[in-house]
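Before any comments, here is the structure.
The numbers here are math on the coordinates, done by the rules we state, and not lab data. Given the structure is predicted, the values throughout are model-derived calculations rather than measurements. Note: ideal-geometry Cβ built from the backbone for every residue, glycine included; neighbour counts use all protein chains shown.
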Amino acid sequence: DTGVSQDPRHKITKRGQNVTFRCDPISEHNRLYWYRQTLGQGPEFLTYFQNEAQLEKSRLLSDRFSAERPKGSFSTLEIQRTEQGDSAMYLCASSSDRGHPFFGSGTRLTVV
Amino acid sequence: AQSVTQLDSHVSVSEGTPVLLRCNYSSSYSPSLFWYVQHPNKGLQLLLKYTSAATLVKGINGFEAEFKKSETSFHLTKPSAHMSDAAEYFCVVSDQAAGNKLTFGGGTRVLVKP
């Protein structure tokens, strides 16, 4: 499979716990994006990387959220001290400089 | 700043009849515009994209969209709906000055009746 992979597909966690999601982009893509989608809404931009550099962060990304892309390949998104409002689908996408983003199937987070 | 408004949150059509999904955008730059489709429990899939070439864009599965700069619209159409078209559709604008970051509309859920 040469598409964007996200792991895990589903995560249920207790409020206050930390969670980490992983995204493996399409191998030749240098751009990587994270989006969040809540029920009945369109995806909202969280952050994006050009290679290993994090170039933009949304104001939606509170201090509890951190994203990394250490070698310009896979990326991780960590949420510390999860809250019920963090429950959502977290989508990763990747693209080349001129191409459109390709999306993974997402990680569905449920905070109980 | 850029934004996208999808004028209908739900559209219901009968199989074999035309589909029209309306989208208006706002962008400070020459926009790239996209339509993505999301089937239940599936990832977002690109239907078509406009990037300042022909204003009438043909996509997959018989869909097409027309870019109208004067109306700031990018409506999606299909002449004849199929049951498999039931899904959520998102109109999207790309900010080329910010790494092709996508701004999504709120989505239109399409129901196809037999």
Inset, instruction - Starting from the Cα gyration tensor of the protein assembly as shown, take the square roots of the eigenvalues, sort them a ≥ b ≥ c, and report rounded, prolate or oblate (rounded when a/c is under 1.5, otherwise prolate if a/b is larger than b/c, else oblate). - result: prolate
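Using a/c under 1.5 as the rounded threshold, could you call region A:35-102 rounded, prolate or oblate? The axes a ≥ b ≥ c are square roots of the C-alpha gyration tensor eigenvalues, and prolate needs a/b larger than b/c, oblate otherwise. Don't skip to the answer; put the middle values down first.
Values: a/c = 2.20, a/b = 1.35, b/c = 1.62.
Since a/c reaches 1.5 but b/c is at least a/b, the shape of region A:35-102 is classed as oblate.
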Legend entry - Whole-Å distance, taken between Cα centres, linking region A:1-73 and region B:4-66: 25 Å
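If I stretch the segment between A:Ala53 and A:Thr20 completely, what's the gain in nm (0.36 nm per residue apart, minus their alpha carbon distance), one decimal?
10.0 nm
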Inset, instruction - Anything over 31 Å Cα to Cα? Flag those among A:Lys71/B:Lys101; A:Lys14/B:Lys49; A:Lys11/B:Lys68; A:Lys11/B:Lys49, in the order listed. - result: A:Lys14/B:Lys49; A:Lys11/B:Lys68; A:Lys11/B:Lys49
Inset, instruction - Loop only per DSSP, at most 10 neighbouring Cβ atoms within 10 Å: give me the GluC sites (Glu not before Pro) in region A:14-91, ordered by residue number. - result: A:Glu28
Inset, instruction - Would you mind classifying region B:3-113 by shape? Square roots of the alpha carbon gyration tensor eigenvalues, ordered a ≥ b ≥ c; an a/c under 1.5 is rounded, otherwise it is prolate if a/b is larger than b/c and oblate if not. - result: prolate
